Amino acid sequence: MDDLATYAENTWCPGCGNFGILNAFKKAVRRLETDDVSRQDIVITAGIGCHAKIFDYLRLSGFYSLHGRALATAQGMKLANPRVKVVAFVGDGDAYGEGVAHLVFAAKRNADITVIVHNNGTYGLTTGQYTPTSVKGFRGPSTPGGSVEEPFNPLSLVLAAGATFVARGYPLKLDHLADLFARAIQHEGFSIVDVLQPCVSFNNTYELYNRLATEMDSVPASWEDSMAAARRTDRLLIGVFRDVAQKPFHEESLGSRVPAQTRAGYSQRMKAVRRSLV
Ligand code: SF4
C-alpha cells in the first residue's frame, strides 16, 4: 500500500516528467524517515500549474498557494514554526517568471525552505506558452513565430543571489533525484532542486535530456566552479552544484523562538482587533 498517496485521481498526461518527480519525492520522504525525520514534520506548498497537482497527490500537511507566491507562503510557514521542514513545489513559469522576486530574496536571506522546480520550459496547464526557460525559437500559442528571447539560466541566478544549496536533477534518474530531494530537505538554509522535467504534450525534451544529462562526481570546490558547471551547455550536469553552511534567516531573526507555540489565543486576538478599531 502507498501510504503517501491520496484519494485524488491523477490527471497528468501519460509519460509526463511529473510522475518521476512525485515518485522520487515519496522515496525521499521514506528515506528521511529512516534518518528520524517524521513525515508529520514535512509541510508542503505549491503554486499553480501542472506541477501544483502534486499537492493533491501527496498525503502530507500543507497549504495550497497562488501563482508565483508559493515561496512567500513557504517562508511564512517556516517563520511561524521553524521546527518543520517546508517544501515548495513550483513550475518554471511560477518560480522564474511571476515569482522571481520571491525566489531571489529567499535565496539572498537564506530562508530555510526547499524549492523544487518542475522546469519543463513551458506553461503546460494553459497549453504551452513560452516561459523564462523556453529555448529561443520555442513555438507556442503566445509565440507562433518562435520565441525571440534567449532563456536564462536559473542555477546561475540563484548562485548569484547567494543560495547555499543548489542542485539539478532528472526524473529518469529517479534514485539520484530522490537523493537530491532528501539532501535539499536536510540542508539548513535555502535549498533548490531544479528538475529537468519533460512535458510530453508541449515540450518533449526526453531525447535531448537522455543525451545530455550527466551526473557530477562531486560538488564543485568553489562558487566560481559551481557557476561554470551550471553554465555548461555541451552537457547538462545533474547533481549538487553548491552546498555550504550559513545561519538561516529564521535563526538570525527569531533566535530560538517558535511563534506557533506562543501565538495569542482567540480572546487576545479579538482584543487586539478591537484596540486597532478605536
Ligand atoms: Fe505534464 Fe505537460 Fe501534460 Fe502538464 S501538459 S501534465 S506538464 S505533459
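The values are calculated or read from the model by the stated rules, or taken from the named source; none is laboratory data. The structure displayed is predicted, hence computed values, not measured ones. Cβ sites come from the backbone with ideal geometry, for glycine too, and all protein chains shown count toward neighbours.
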Exercise. Quick check: is even one residue across segment 198-208 more than 20 Å from the chain's Cα centre (by Cα), modelled with pLDDT of 95 or more, over 22 Å from TYR96 (Cα atoms) and in a helix (DSSP H, G or I)?
Worked result: yes
For this session: Identify, by number, the condition in (1) closer than 30 Å to ARG257 by Cβ; (2) buried (at least 23 other Cβ atoms within 10 Å of the Cβ); (3) away from the ligand (no atom under 15 Å from the Cβ) that LEU180 doesn't meet.
Result: (1)
Exercise. Of all residues in segment 2-35 being under 13 Å from ILE185 (Cα atoms) and acidic (Asp, Glu), which is nearest to the ligand (Cβ to nearest atom)?
Worked result: GLU33
Seminar exercise, completed: Of the residues in segment 142-161 that are among the hydroxyl-bearing types (Ser, Thr, Tyr) and not in a helix (DSSP H, G or I), the one that is surrounded by the fewest Cβ atoms within 10 Å (Cβ to Cβ) is SER142
Exercise. Surrounded by 12 or more Cβ atoms within 10 Å (Cβ to Cβ) and assigned to a loop (DSSP other than H, G, I, E, B): does that describe GLY189?
Worked result: yes
For this session: Please enumerate the residues belonging to segment 127-141 that are over 17 Å from the mean Cα position of the chain (by Cα), assigned to a loop (DSSP other than H, G, I, E, B) and more than 9 Å from the ligand (Cβ to nearest atom).
Result: TYR130, SER134, VAL135, LYS136, GLY137, PHE138, ARG139, PRO141
Exercise. Would it be correct to say that GLY47 is within 13 Å of the chain's Cα centre (by Cα), buried (at least 18 other Cβ atoms within 10 Å of the Cβ), on the phi > 0 side of the Ramachandran plot and not acidic (Asp, Glu)?
Worked result: no
Problem set entry | Single match in ARG242, ARG211, ARG232, ARG257 (criterion: of a type in the set (Lys, Arg), part of a helix (DSSP H, G or I) and more than 16 Å from the ligand (Cβ to nearest atom)) | ARG211
